[in-house]
Amino acid sequence: KIVKILVCIVILLVVLAVLSHLYRYLFNHGEERYLTQMFDMDVENNIPSWVSSLSLLLCSTLLFIISVAKRKLNDQFFFNWAFLSFLFILMSTDEMIQLHEQIISPLRNLFHTGGFFYFAWVIPAVIFGIIFLLMYLKFLFSLDSKTRILFILSGIVYGIGAVGFEMIGGEFVFEFGNNNLFYSLLTTVEETIELSGIILFVYTLLNYLSTQLSEIRISFSNKSEA
């Protein structure tokens, strides 16, 4: 049910974002910013950013629950789950206040980047992603096959949106600027792919809890009934 609700919310947000951009650029409302600011999926402190931030926070909470369960079971990978929970808290915070945007100009000036690396934060992001993947290989192979596949797939989907489309957007902005309909729609696609990766990861974690740690789910149910 949680996943279905998230999917419906994202579909609604995408429709509203597209309509607001069309209203601004195609119907001669180029100076109208209130509507697009409210539903623009590429800005901070608006409805889409809240949804994205809360979805990441949900991931963090589920990861924390799993880490606590793993700790009680003396599982050697409990810290991996806990660290993932911490990372998702950071990602949730960043999604709301766009901390990564603050390092773009310093990195761009430092490395003189343009084109696909116009949004220069993708450079440390790619480096961190590679290091993180290498560090978590053993953890990934400790998972059951379905969870491992879903873990990897959700990460790929999120990475395509967060980094891949960000690089494509950087090239476009570098050549044509960002005050146009195409770029606005491009960022909508980017954020939609990101949210799809997050929702897939929520499903992955819920499925893992229900199939691999079903006793945790039952104990929570008993508490609520009491």
Which members of region 122-149 meet the condition of being surrounded by 14 or more Cβ atoms within 10 Å (Cβ to Cβ) and assigned to a loop (DSSP other than H, G, I, E, B)?
Tyr136, Leu143
Inspect region 57-71 for any residue being farther than 25 Å from Leu200 by Cβ, of a type outside the set (A, V, I, L, M) and either at pLDDT below 95 or assigned to a helix (DSSP H, G or I) (or both) and give the result as yes or no.
yes
Would you call Thr188 under 28 Å from Val15 (Cα atoms), among the hydroxyl-bearing types (Ser, Thr, Tyr) and modelled with pLDDT of 95 or more?
yes
Being β-branched (Val, Ile, Thr), under 17 Å from the mean Cα position of the chain (by Cα) and surrounded by fewer than 14 Cβ atoms within 10 Å (Cβ to Cβ) narrows Ile193, Ile152, Ile156 down to just Ile156
Can you find a residue in region 40-57 that is in contact with a Ser or Thr (Cβ under 7 Å, 6 or more places away or on another chain), surrounded by fewer than 19 Cβ atoms within 10 Å (Cβ to Cβ), without any contact (Cβ under 8 Å) to a residue 40 or more places away in the chain and more than 24 Å from Gly161 (Cβ to Cβ)?
no
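For region 72-101, which positions are part of a helix (DSSP H, G or I) and aliphatic (A, V, I, L, M)? So that I can check it myself, show each step before the final result.
Let us first name the residues in region 72-101 that are part of a helix (DSSP H, G or I), namely 72, 78-97, 99-101.
Passing the criteria: Ala82, Leu84, Leu87, Ile89, Leu90, Met91, Met96, Ile97, Leu99.
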Can you confirm whether region 102-121 contains a residue that is assigned to a helix (DSSP H, G or I), closer than 30 Å to Ile47 by Cβ and within 15 Å of the chain's Cα centre (by Cα)?
no
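The values are calculated or read from the model by the stated rules, or taken from the named source; none is laboratory data. On a predicted model such as this, the values are computed, not experimentally measured, just so you know. We place every Cβ from the backbone using ideal geometry, glycine too, and count neighbours over all the protein chains shown.
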